[in-house]
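Visitor: Structure incoming, see below.
The values are calculated or read from the model by the stated rules, or taken from the named source; none is laboratory data. Quick caveat: nothing in here was measured; it's all calculated off a predicted structure. Cβ placement follows ideal geometry from the backbone for every residue including glycine, while neighbour counts extend to all protein chains displayed. Each accessible area value is taken on the protein alone, full model and side chains, heavy atoms only, with ligands, DNA and RNA left out. Shrake-Rupley method; radii C 1.70, N 1.55, O 1.52, S 1.80 Å.
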Amino acid sequence: MPATLGDAIGTEPAWLQGWILVLSAAHITALAFVVGHDNGRWVVRPEPIAVVASAIVATMIMTWLYSQVGYVRLLGLAHLVYWTPVYLWMWSRRRALVRGTLFTKWVQAYLIIVGLSLAIDVVDVIRHLVGDGELLHRWS
């Protein structure tokens with residue numbers, strides 16, 4: 001088994017590594033929207049801060065989980081626990097955002113990308129719980 005979660009991900013097919021890159025970009029680009037212009041004044045937006053914080057914590061938990069149980073489908077639990085509250089909160093606020101802004105477009109992209117990831121994570125965690133937990137067998 002690879003020494004780190006990053007090493008394990010590095011053995012995945014290019015399409016999956018690309019998806020992880022898109023998912024990471026959806027979170028990292030949040031930093032560009034922490035400060036914004038709203039109703040003629042500069043504001044600090046809580047949504048991007050919550051996205052970045054949830055991504056950092058989920059990554060830390062996934063890294064710890066990897067060290068404990070290996071590269072198994074249960075790793076998606078970190079996303080479910082830390083991303084879901086932020087996702088639901090942002091989903092509930094989406095209509096209150098000013099339409100057509102770059103920030104709103106990022107929120108929409110985030111909701112689509114992370115929504116897909118959370119759906120995959122639900123399936124992965126359920127599969128783990130019913131006994132189909134391993135992602136990779138090539139290190140056996």
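Visitor: Taking +1 at the Cβ of each Lys and Arg and -1 at the Cβ of each Asp and Glu, which of I56, V43, V125 sits farthest along the dipole of the chain towards its positive end, judged by Cα position relative to the Cα centre?
Guide: Toward the positive end, the furthest listed residue is V43.
Visitor: To the nearest 0.05, what FRET efficiency results for H37 and S92 with a Förster distance of 41 Å applied to their C-beta separation?
Guide: On the way: r = 23 Å, r/R0 = 0.56.
After rounding, the FRET efficiency stands at 0.95.
Visitor: Something else now. Find how much the distance from T101 to S24 grows on full extension, using 0.36 nm per residue of separation minus their present alpha carbon separation; answer in nm with one decimal. Kindly include the intermediate steps, with their values, before the conclusion.
Guide: Working: separation 77, 0.36 × 77 = 27.72 nm, distance 2.16 nm.
Additional length available on full extension: 25.6 nm.
Visitor: What size of dipole, in debye to the nearest 20, comes out for the chain about its Cα centre when the only charges are +1 on Lys and Arg C-beta atoms and -1 on Asp and Glu C-beta atoms?
Guide: In debye, rounded to 20, the chain gives about 640.
Visitor: Let me ask something else about it. Can you send over the solvent-accessible area of E47, 1.4 Å probe, protein chains only, in Å² to the nearest 10?
Guide: E47 has an accessible surface of roughly 10 Å² with all protein chains in place.
Visitor: Going by amide H atoms built from the backbone, whose H comes under 5 Å of the H on E134, apart from near neighbours?
Guide: For E134, whose amide H was placed from the backbone, the distant partners under 5 Å are R73.
Visitor: Between T84 and T4, what is the FRET efficiency for a Förster distance of 22 Å, r being their Cβ-Cβ separation, to the nearest 0.05?
Guide: Values: r = 25 Å, r/R0 = 1.15.
According to the calculation, E is roughly 0.30.
Visitor: So, one more: Identify, among V72, Y87, T101, the residue whose Cα sits farthest towards the positive end of the charge dipole of the chain, taking +1 on the Cβ of Lys and Arg and -1 on the Cβ of Asp and Glu, with the dipole about the Cα centre.
Guide: After comparing all options, I get T101.
Visitor: When the helices in the chain are scored as -39500 (n - 2.57) per DSSP H run of 4 or longer and the sum is shared across all residues, what 222 nm value do you end up with, to the nearest 500 deg cm²/dmol? Provide the component values of the computation, followed by the final result.
Guide: Numbers: 5 runs with 90 residues, N = 140.
Roughly -22000 deg cm²/dmol at 222 nm, from the helical runs in the chain.
Visitor: Residue by residue, what Karplus-based ³J(HN,Hα) values in Hz, rounded to whole numbers, does region 111-128 have, using 6.51, -1.76 and 1.60 with θ = phi - 60° and x for Gly and Pro?
Guide: Values, residue by residue: 4, 5, 5, 6, x, 4, 5, 5, 4, 5, 5, 4, 4, 4, 5, 4, 4, 4 Hz.
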